[in-house]
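Notes follow once the structure below has been shown.
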Amino acid sequence: MCLEDIIRVIKGRRCVRSFREGEIPNEYIHKILEAGIWAPSGGNIQPWEFIVVRNRDMIDKIKLVSPGLFGDPSVIIVVCINLEKAKRGGRIGESMAIIDVSMAAQNIMLVAYALGIGSCPIVSFSKTAVKELLDIPKYVEPILLITLGYTDKWPNPPARRPLEEVVHYEKY
Amino acid sequence: MKNTNIVKDPHFKLLSFLITSARGCIDEPQLYGSLRLIDAAARLIDIMMVEGKTTEELLNLKKAIEENIVLVMYDEKKYIEFLDRLVKDLAKIIKSA
(Lines give C-alpha, C1' and ligand atoms only; values in the text may rest on other atoms or scores of the structure.)
Protein backbone atom coordinates (compact mmCIF):
# COMPACT_ATOMS: atom_id res chain seq x y z
CA MET A 1 0.00 0.00 0.00
CA CYS A 2 1.35 3.41 -0.94
CA LEU A 3 0.52 6.14 1.57
CA GLU A 4 1.21 8.88 -0.98
CA ASP A 5 -1.41 7.43 -3.35
CA ILE A 6 -4.03 7.36 -0.59
CA ILE A 7 -3.29 10.95 0.41
CA ARG A 8 -3.33 12.03 -3.24
CA VAL A 9 -6.80 10.52 -3.71
CA ILE A 10 -8.13 12.01 -0.47
CA LYS A 11 -6.82 15.48 -1.32
CA GLY A 12 -7.63 15.28 -5.02
CA ARG A 13 -11.31 14.40 -4.74
CA ARG A 14 -13.53 17.38 -5.51
CA CYS A 15 -17.26 17.97 -5.65
CA VAL A 16 -17.92 17.90 -9.38
CA ARG A 17 -20.97 19.73 -10.64
CA SER A 18 -20.27 19.71 -14.37
CA PHE A 19 -20.13 16.43 -16.25
CA ARG A 20 -19.43 15.46 -19.82
CA GLU A 21 -21.02 12.54 -21.65
CA GLY A 22 -19.48 9.14 -21.16
CA GLU A 23 -20.83 5.86 -19.89
CA ILE A 24 -19.26 4.50 -16.71
CA PRO A 25 -18.45 0.79 -17.17
CA ASN A 26 -20.39 -1.65 -14.99
CA GLU A 27 -17.20 -3.01 -13.48
CA TYR A 28 -16.32 0.49 -12.29
CA ILE A 29 -19.75 0.88 -10.68
CA HIS A 30 -19.20 -2.48 -9.00
CA LYS A 31 -15.79 -1.43 -7.63
CA ILE A 32 -17.24 1.88 -6.41
CA LEU A 33 -20.12 0.17 -4.58
CA GLU A 34 -17.85 -2.50 -3.16
CA ALA A 35 -15.80 0.29 -1.57
CA GLY A 36 -19.05 1.51 -0.01
CA ILE A 37 -19.90 -1.75 1.72
CA TRP A 38 -16.38 -1.99 3.18
CA ALA A 39 -16.94 1.13 5.29
CA PRO A 40 -17.06 0.67 9.06
CA SER A 41 -20.45 0.62 10.76
CA GLY A 42 -21.55 0.86 14.37
CA GLY A 43 -22.12 -2.65 15.77
CA ASN A 44 -21.37 -3.96 12.27
CA ILE A 45 -25.02 -3.31 11.50
CA GLN A 46 -24.30 -2.23 7.91
CA PRO A 47 -27.54 -0.26 7.71
CA TRP A 48 -26.97 0.93 4.14
CA GLU A 49 -28.90 0.30 0.93
CA PHE A 50 -27.76 1.71 -2.42
CA ILE A 51 -29.98 2.36 -5.43
CA VAL A 52 -28.06 2.78 -8.67
CA VAL A 53 -29.89 4.87 -11.26
CA ARG A 54 -28.48 4.82 -14.78
CA ASN A 55 -31.65 5.27 -16.82
CA ARG A 56 -31.49 8.70 -18.45
CA ASP A 57 -35.21 9.41 -18.07
CA MET A 58 -35.13 8.53 -14.37
CA ILE A 59 -32.00 10.64 -13.82
CA ASP A 60 -33.87 13.56 -15.40
CA LYS A 61 -36.86 12.93 -13.12
CA ILE A 62 -34.65 12.84 -10.03
CA LYS A 63 -33.07 16.11 -11.18
CA LEU A 64 -36.54 17.67 -11.24
CA VAL A 65 -36.93 17.11 -7.50
CA SER A 66 -33.33 17.76 -6.47
CA PRO A 67 -32.56 21.49 -6.27
CA GLY A 68 -29.00 20.78 -5.12
CA LEU A 69 -28.13 18.55 -8.07
CA PHE A 70 -26.07 20.36 -10.69
CA GLY A 71 -24.97 19.07 -14.07
CA ASP A 72 -25.90 15.94 -16.00
CA PRO A 73 -24.39 12.93 -14.27
CA SER A 74 -24.19 9.51 -15.93
CA VAL A 75 -25.17 7.72 -12.73
CA ILE A 76 -26.90 8.61 -9.49
CA ILE A 77 -26.37 6.45 -6.43
CA VAL A 78 -29.13 6.95 -3.86
CA VAL A 79 -27.57 6.19 -0.50
CA CYS A 80 -30.22 5.00 1.94
CA ILE A 81 -30.61 3.82 5.50
CA ASN A 82 -32.55 0.66 6.22
CA LEU A 83 -34.49 1.80 9.28
CA GLU A 84 -35.31 -1.77 10.34
CA LYS A 85 -31.61 -2.59 10.52
CA ALA A 86 -30.81 0.77 12.14
CA LYS A 87 -33.22 -0.10 14.98
CA ARG A 88 -30.71 -2.67 16.15
CA GLY A 89 -28.57 0.28 17.20
CA GLY A 90 -31.06 1.23 19.89
CA ARG A 91 -32.05 4.84 20.53
CA ILE A 92 -28.96 6.12 18.74
CA GLY A 93 -29.44 3.67 15.89
CA GLU A 94 -30.67 6.16 13.33
CA SER A 95 -28.02 8.80 13.98
CA MET A 96 -25.37 6.08 14.02
CA ALA A 97 -26.70 4.84 10.68
CA ILE A 98 -26.27 8.32 9.20
CA ILE A 99 -22.63 8.26 10.30
CA ASP A 100 -22.24 4.78 8.80
CA VAL A 101 -23.67 5.65 5.39
CA SER A 102 -21.60 8.84 5.38
CA MET A 103 -18.43 6.78 5.72
CA ALA A 104 -19.67 4.48 2.95
CA ALA A 105 -20.33 7.53 0.79
CA GLN A 106 -16.79 8.80 1.32
CA ASN A 107 -15.38 5.41 0.28
CA ILE A 108 -17.58 5.54 -2.82
CA MET A 109 -16.40 9.01 -3.81
CA LEU A 110 -12.73 8.25 -3.18
CA VAL A 111 -12.77 5.11 -5.33
CA ALA A 112 -14.72 6.98 -8.01
CA TYR A 113 -12.00 9.63 -8.02
CA ALA A 114 -9.27 6.98 -8.16
CA LEU A 115 -11.02 5.65 -11.28
CA GLY A 116 -11.08 9.12 -12.87
CA ILE A 117 -14.77 9.68 -12.16
CA GLY A 118 -16.16 12.88 -10.66
CA SER A 119 -18.73 12.77 -7.90
CA CYS A 120 -20.80 15.04 -5.70
CA PRO A 121 -22.77 14.26 -2.54
CA ILE A 122 -26.17 15.95 -2.46
CA VAL A 123 -28.42 16.38 0.53
CA SER A 124 -30.67 19.00 -1.08
CA PHE A 125 -33.23 16.75 -2.69
CA SER A 126 -36.82 15.87 -1.88
CA LYS A 127 -36.75 12.57 0.00
CA THR A 128 -40.50 12.29 -0.35
CA ALA A 129 -40.36 12.68 -4.12
CA VAL A 130 -37.35 10.36 -4.59
CA LYS A 131 -39.09 7.68 -2.49
CA GLU A 132 -42.13 7.97 -4.72
CA LEU A 133 -40.13 7.93 -7.97
CA LEU A 134 -38.02 4.90 -7.05
CA ASP A 135 -40.65 2.87 -5.14
CA ILE A 136 -38.56 2.96 -1.99
CA PRO A 137 -40.33 1.17 0.88
CA LYS A 138 -41.31 2.97 4.09
CA TYR A 139 -38.56 1.35 6.14
CA VAL A 140 -35.84 2.65 3.81
CA GLU A 141 -34.87 6.32 4.00
CA PRO A 142 -32.81 8.04 1.31
CA ILE A 143 -30.07 10.13 2.93
CA LEU A 144 -27.77 11.22 0.16
CA LEU A 145 -27.55 11.33 -3.60
CA ILE A 146 -24.12 10.77 -5.10
CA THR A 147 -23.79 11.91 -8.68
CA LEU A 148 -21.14 10.23 -10.81
CA GLY A 149 -19.77 11.13 -14.20
CA TYR A 150 -16.72 12.01 -16.21
CA THR A 151 -15.65 15.61 -16.17
CA ASP A 152 -13.26 18.04 -17.81
CA LYS A 153 -13.70 20.53 -14.98
CA TRP A 154 -12.11 19.51 -11.69
CA PRO A 155 -12.81 22.43 -9.36
CA ASN A 156 -10.06 24.03 -7.32
CA PRO A 157 -9.97 22.88 -3.72
CA PRO A 158 -11.63 25.26 -1.26
CA ALA A 159 -9.50 26.39 1.67
CA ARG A 160 -9.33 24.05 4.64
CA ARG A 161 -9.50 25.18 8.26
CA PRO A 162 -5.90 24.61 9.39
CA LEU A 163 -4.94 21.77 11.70
CA GLU A 164 -3.84 24.29 14.35
CA GLU A 165 -7.40 25.59 14.48
CA VAL A 166 -9.33 22.33 14.53
CA VAL A 167 -7.09 19.87 16.37
CA HIS A 168 -6.92 19.88 20.16
CA TYR A 169 -4.35 17.67 21.81
CA GLU A 170 -5.12 16.05 25.14
CA LYS A 171 -7.89 18.55 25.93
CA TYR A 172 -9.89 21.25 24.11
CA MET B 1 -49.95 17.91 -22.96
CA LYS B 2 -49.41 14.26 -22.06
CA ASN B 3 -47.93 13.47 -18.67
CA THR B 4 -45.08 11.62 -20.35
CA ASN B 5 -44.00 14.85 -22.03
CA ILE B 6 -44.50 17.21 -19.15
CA VAL B 7 -41.20 16.29 -17.49
CA LYS B 8 -39.37 17.66 -20.55
CA ASP B 9 -41.25 20.96 -20.47
CA PRO B 10 -38.95 23.79 -19.33
CA HIS B 11 -41.74 25.55 -17.41
CA PHE B 12 -42.54 22.32 -15.60
CA LYS B 13 -38.86 21.86 -14.79
CA LEU B 14 -38.80 25.29 -13.18
CA LEU B 15 -42.06 24.55 -11.38
CA SER B 16 -40.59 21.33 -9.92
CA PHE B 17 -37.47 23.19 -8.88
CA LEU B 18 -39.47 25.89 -7.12
CA ILE B 19 -41.79 23.51 -5.27
CA THR B 20 -39.04 21.17 -4.06
CA SER B 21 -36.87 24.16 -3.14
CA ALA B 22 -39.73 25.67 -1.14
CA ARG B 23 -39.83 22.54 0.99
CA GLY B 24 -36.09 22.08 1.13
CA CYS B 25 -35.40 25.65 2.25
CA ILE B 26 -37.26 25.02 5.51
CA ASP B 27 -34.55 22.62 6.66
CA GLU B 28 -31.51 23.89 4.78
CA PRO B 29 -28.95 26.62 5.60
CA GLN B 30 -30.41 30.12 5.40
CA LEU B 31 -28.15 31.14 2.52
CA TYR B 32 -29.50 28.30 0.39
CA GLY B 33 -32.76 30.25 0.01
CA SER B 34 -30.80 32.89 -1.88
CA LEU B 35 -28.97 30.18 -3.83
CA ARG B 36 -32.23 28.59 -4.99
CA LEU B 37 -33.64 31.96 -6.08
CA ILE B 38 -30.59 32.88 -8.10
CA ASP B 39 -30.48 29.39 -9.61
CA ALA B 40 -34.16 29.79 -10.54
CA ALA B 41 -33.33 33.15 -12.15
CA ALA B 42 -30.74 31.46 -14.40
CA ARG B 43 -33.25 28.74 -15.27
CA LEU B 44 -35.82 31.42 -16.13
CA ILE B 45 -33.37 33.13 -18.47
CA ASP B 46 -32.89 29.71 -20.14
CA ILE B 47 -36.62 29.55 -20.77
CA MET B 48 -36.69 33.13 -22.04
CA MET B 49 -33.84 32.24 -24.38
CA VAL B 50 -35.81 29.34 -25.91
CA GLU B 51 -38.79 31.67 -26.29
CA GLY B 52 -36.68 34.34 -27.99
CA LYS B 53 -37.12 36.87 -25.18
CA THR B 54 -33.51 37.31 -24.12
CA THR B 55 -31.19 40.21 -24.77
CA GLU B 56 -27.42 40.33 -24.60
CA GLU B 57 -27.69 41.95 -21.17
CA LEU B 58 -29.84 39.10 -19.86
CA LEU B 59 -27.43 36.52 -21.23
CA ASN B 60 -24.64 38.35 -19.42
CA LEU B 61 -26.63 38.08 -16.19
CA LYS B 62 -26.95 34.33 -16.75
CA LYS B 63 -23.24 34.00 -17.47
CA ALA B 64 -22.44 35.92 -14.28
CA ILE B 65 -24.74 33.63 -12.28
CA GLU B 66 -23.18 30.47 -13.72
CA GLU B 67 -19.68 31.72 -13.00
CA ASN B 68 -20.36 32.86 -9.45
CA ILE B 69 -23.08 30.62 -8.03
CA VAL B 70 -20.61 28.26 -6.37
CA LEU B 71 -19.29 31.12 -4.24
CA VAL B 72 -22.19 30.45 -1.89
CA MET B 73 -20.40 27.30 -0.74
CA TYR B 74 -16.90 28.73 -0.40
CA ASP B 75 -17.00 32.46 0.25
CA GLU B 76 -20.15 34.09 1.63
CA LYS B 77 -18.70 37.61 1.44
CA LYS B 78 -17.79 37.28 -2.24
CA TYR B 79 -21.18 35.67 -2.94
CA ILE B 80 -22.99 38.66 -1.49
CA GLU B 81 -20.72 41.04 -3.43
CA PHE B 82 -21.59 39.12 -6.60
CA LEU B 83 -25.31 39.49 -5.83
CA ASP B 84 -24.85 43.22 -5.32
CA ARG B 85 -23.19 43.48 -8.74
CA LEU B 86 -25.97 41.40 -10.27
CA VAL B 87 -28.67 43.64 -8.80
CA LYS B 88 -26.81 46.71 -10.10
CA ASP B 89 -26.61 45.17 -13.59
CA LEU B 90 -30.32 44.36 -13.42
CA ALA B 91 -31.08 47.94 -12.40
CA LYS B 92 -29.15 49.21 -15.43
CA ILE B 93 -31.27 46.99 -17.69
CA ILE B 94 -34.44 48.32 -16.07
CA LYS B 95 -33.21 51.90 -16.23
CA SER B 96 -32.39 51.74 -19.92
CA ALA B 97 -35.74 50.20 -20.86
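The values are calculated or read from the model by the stated rules, or taken from the named source; none is laboratory data. Since this is a predicted model, take the numbers as computed values, not measurements. All Cβ positions, glycine included, derive from the backbone under ideal geometry; neighbour counts span all protein chains shown.
Against the list (1) more than 24 Å from residue A:58 (Cβ to Cβ); (2) surrounded by 15 or more Cβ atoms within 10 Å (Cβ to Cβ); (3) in contact with an Asp or Glu (Cβ under 9 Å, 6 or more places away or on another chain), the condition residue B:31 fails is (2).
Residues of the range B:42-59 being closer than 18 Å to residue B:97 by Cβ and surrounded by 15 or more Cβ atoms within 10 Å (Cβ to Cβ), which ones? Matches in the range B:42-59: B:44, B:45, B:48, B:54, B:58. Is it true that residue A:81 is β-branched (Val, Ile, Thr) and in contact with an Asp or Glu (Cβ under 9 Å, 6 or more places away or on another chain)? Here the answer is yes, as residue A:81 does meet what is asked.
Considering B:7, B:87, the condition of being exposed (fewer than 14 other Cβ atoms within 10 Å of the Cβ) and out of contact with any strand residue (DSSP E or B) (no Cβ under 8 Å at 6 or more places or on another chain) is satisfied by B:87 alone.
Assess whether residue A:112 counts as being crowded, with 20+ Cβ neighbours inside 10 Å and of a type in the set (A, V, I, L, M, F, W, C). Here the answer is yes, as residue A:112 does meet what is asked.
So, residue A:49, is that one part of a strand (DSSP E or B) and acidic (Asp, Glu) or not? Working first, answer last.
On the way: part of a strand (DSSP E or B): yes; acidic (Asp, Glu): yes.
When the stated conditions are applied, residue A:49 passes them.
Residue A:10 meets the stated requirement of being away from chain B (no Cβ under 14 Å), surrounded by fewer than 15 Cβ atoms within 10 Å (Cβ to Cβ) and either hydroxyl-bearing (Ser, Thr, Tyr) or part of a helix (DSSP H, G or I) (or both). Residue B:17 falls short on exactly one of the conditions (1) under 15 Å from the mean Cα position of the chain (by Cα); (2) modelled with pLDDT under 95, and that condition is (2). Residues that are over 27 Å from residue A:44 (Cβ atoms) and without any contact (Cβ under 8 Å) to a residue 24 or more places away in the chain number at least 2 in none of the strands (runs of 3 or more DSSP E) confined to the range A:63-165. Keeping to the range A:49-82, report how many residues are within 14 Å of chain B (Cβ to nearest Cβ), surrounded by fewer than 21 Cβ atoms within 10 Å (Cβ to Cβ) and among the basic types (Lys, Arg). Residues that pass the stated criteria total 2. Among the residues of the range A:38-49, is any in contact (Cβ under 8 Å) with a residue 12 or more places away in the chain, in contact with a Pro (Cβ under 6 Å, 6 or more places away or on another chain) and not hydrophobic (A, V, I, L, M, F, W, C)? Among the residues of the range A:38-49, not one is in contact (Cβ under 8 Å) with a residue 12 or more places away in the chain, in contact with a Pro (Cβ under 6 Å, 6 or more places away or on another chain) and not hydrophobic (A, V, I, L, M, F, W, C), which makes the answer no. Annotation: of all residues in the range A:83-107 being of a type in the set (Gly, Ala, Ser) and surrounded by fewer than 18 Cβ atoms within 10 Å (Cβ to Cβ), the one that is farthest from residue A:29 (Cα to Cα) is A:90. Residue A:123 meets all of the listed conditions (1) within 14 Å of chain B (Cβ to nearest Cβ); (2) loosely packed, with under 15 Cβ neighbours inside 10 Å; (3) within 26 Å of residue A:8 (Cβ to Cβ); (4) aliphatic (A, V, I, L, M) but one, namely (3).
Within the range B:49-82, the set of residues being within 14 Å of chain A (Cβ to nearest Cβ) and β-branched (Val, Ile, Thr) comprises B:65, B:69, B:70, B:72.
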